[in-house]
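I have placed the structure first, in the form of structure tokens, so that the comments after it can refer back to it.
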Amino acid sequence: MKITRIEPLPVSAGGAAFFLVVVHTDEGLHGLGEVGIRSRPATVAGAVRDVAERAVGADVTRIEHLWQLLYRGAFFPADRDVGAVLAAVDLALWDLRGKALGVPVCDLLGGRTRDHVPAYVHLNGYEPEEYLDNAHRLVAAGWTNLRIAVGDQPGGVFEPRRALRRTLDVVAALRAGLDDDIEIIIDVHTRLDPAEAVLFCHEVTAMRPLFVEDPLRCENLDAYRSLRQRTTVPLAAGEQLTTKWEFRQLIEDDLIDHARIDLANTGITEGRKIAAMAEAHYISVATHNPLGPVCTAASTHVNLSLPNVSVQEQTRPHGWDDALVLAAPRVEAGTVVPADLPGLGVEIDLDAARSAASTVALGPPARFHRPDGSVTNW
């Protein structure tokens with residue numbers, strides 16, 4: 001079975017926009033992938049065309065070979081934006097492999113190690129009371145892992161110390177108002193400098209978060225070494241990384257407790273290798289997944305097959321009921337399981353998606369700035 005075409009396909013489902021990739025074959029089967037890093041959509045679209053030039057005509061069963069070819073074949077490594085396109089193609093190839101053999105992807109990865117994947121949902125609010133009210137509703141629906149973000153400020157202004165005070169107030173209210181078995185995840189979203197991250201981790205430790213995610217930026221991962229030495233709170237990082245080489249320092253130096261692998265940035269081929277490296281260091285996998293049904297399905301299949309999984313991100317607590325999404329993973333009561341279908345188990349109404357593609361708005365995320373107008377991470 002040969003690749004005949006790689007189709008970029010922006011999709012809007014449930015009020016959110018996703019960038020899917022469809023790999024077509026000469027036997028009429030198609031596989032679905034999803035691009036994780038899509039804040040530069042013109043760059044992503046160009047990378048899809050570039051990857052297609054190298055991949056069309058290739059044997060879809062040679063997944064590892066194609067990863068090596070597409071990653072290394074242009075001399076400069078295909079990481080970050082281009083790596084996310086490569087990841088989408090890799091997901092589609094695994095989807096195709098499962099469809100061709102009539103088995104779910106998790107069976108291709110060694111079979112299930114668990115019956116379902118534990119998941120966490122985003123908890124939103126502004127004042128602590130609003131967070132707590134929303135938390136009670138989610139807990140009543142069966143969610144036991146809740147995630148909050150540090151310091152989304154009105155008007156796009158992020159002042160670190162004020163944001164930390166507000167976040168600590170929110171976490172304290174949640175810890176006091178919820179049962180002890182409700183886990184709290186805190187996403188810093190790379191918004192703090194090292195001194196602020198140390199202060200925050202010190203203050204929040206007594207409130208027992210499951211982990212503090214991305215307390216620092218990812219350009220210099222050695223900064224995690226200093227933070228690690230100055231805090232005992234569990235740390236998580238990796239959502240912005242695309243290869244095992246980028247993850248290597250975090251894992252080999254034991255700088256994190258949870259590897260935030262995003263399969264729409266790494267693909268399954270590379271993501272499994274990162275997970276194996278993490279297992280050797282007793283580091284759990286907490287898949288990053290604020291995306292669409294394809295990345296959710298890929299994360300679920302991989303997590304079903306892994307021994308070292310803590311939790312999977314799931315931004316939509318009720319899954320997908322959009323007319324465009326014909327089949328998707330089942331999400332309920334804090335768990336995710338794949339649809340009972342071969343491959344990744346996702347089906348999209350491609351004709352409807354193509355008709356609506358011109359109206360799908362992809363672009364950069366919101367931008368934050370400090371009170372003095374300087375740039376800070378979103």
Here the gain from full extension of His318 to Glu347, 0.36 nm per residue of separation minus their alpha-carbon distance, amounts to 8.7 nm
How much mean residue ellipticity at 222 nm does the chain get from its helices, if each DSSP H run of length 4 or more adds -39500 (n - 2.57) and you divide by all residues, to the nearest 500 deg cm²/dmol?
-> -12000 deg cm²/dmol
To the nearest 0.05, what FRET efficiency results for Lys2 and Asp107 with a Förster distance of 25 Å applied to their C-beta separation?
-> 0.55
Any idea how far the Cα center of region 13-84 sits from the one of region 209-274, in Å?
-> 24
Report, to two decimal places, the Cα Rg of region 32-99 normalised by 2.2 N^0.38 Å (N = number of residues).
-> 1.03
Fully extended, how many nm does the chain gain between Arg40 and Phe75 (0.36 nm per residue separation, minus their Cα-Cα distance)?
-> 10.4 nm
Based solely on C-alpha atoms, express the radius of gyration and the Dmax of region 76-142 in angstrom.
-> 19.4, 51
Enclosed volume per residue, in Å³, of the convex hull spanned by Cα atoms of region 221-378 | 163
Across all directions of projection, what mean area in square nanometres is found for the Cα convex hull of region 67-190?
-> 12.0
Excluding residues fewer than 8 places away in the same chain, name every one of the lysines whose C-alpha is closer than 21 Å to that of Lys99.
-> Lys2
Size of the chain along its principal axes in angstrom, Cα-based, largest extent first?
-> 58, 45, 42
For the chain, what is the charge dipole size about the Cα centre, in debye to the nearest 20, if Lys and Arg each add +1 at the Cβ and Asp and Glu each add -1 at the Cβ?
-> 660
Using only alpha carbons, build the gyration tensor for region 134-262 and give me the equivalent ellipsoid semi-axes, biggest first, whole Å.
-> 24, 17, 14
So Arg370 and Asn220, fully extended at 0.36 nm per residue minus their Cα-Cα distance, gain in nm 51.9 nm
Between Leu29 and Trp378, what FRET efficiency follows from the Cβ-Cβ distance if R0 is 25 Å, with the result rounded to 0.05?
-> 0.05
Which value in nm describes the separation of the simple spin-label points at Asp340 and Asp179, placed 7 Å from the Cα toward the beta carbon?
-> 3.0
Give the accessible area for Asp193 in Å² (nearest 10); use a 1.4 Å probe, count only protein heavy atoms, and leave out ligands, DNA and RNA.
-> 70
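The values are calculated or read from the model by the stated rules, or taken from the named source; none is laboratory data. The model shown is predicted, which means the values in this text are computed figures rather than measured ones. Don't worry about glycine lacking a Cβ; one is built from the backbone with ideal geometry, like all the others, and counts go over all protein chains shown. Each accessible area value is taken on the protein alone, full model and side chains, heavy atoms only, with ligands, DNA and RNA left out. Shrake-Rupley method; radii C 1.70, N 1.55, O 1.52, S 1.80 Å.
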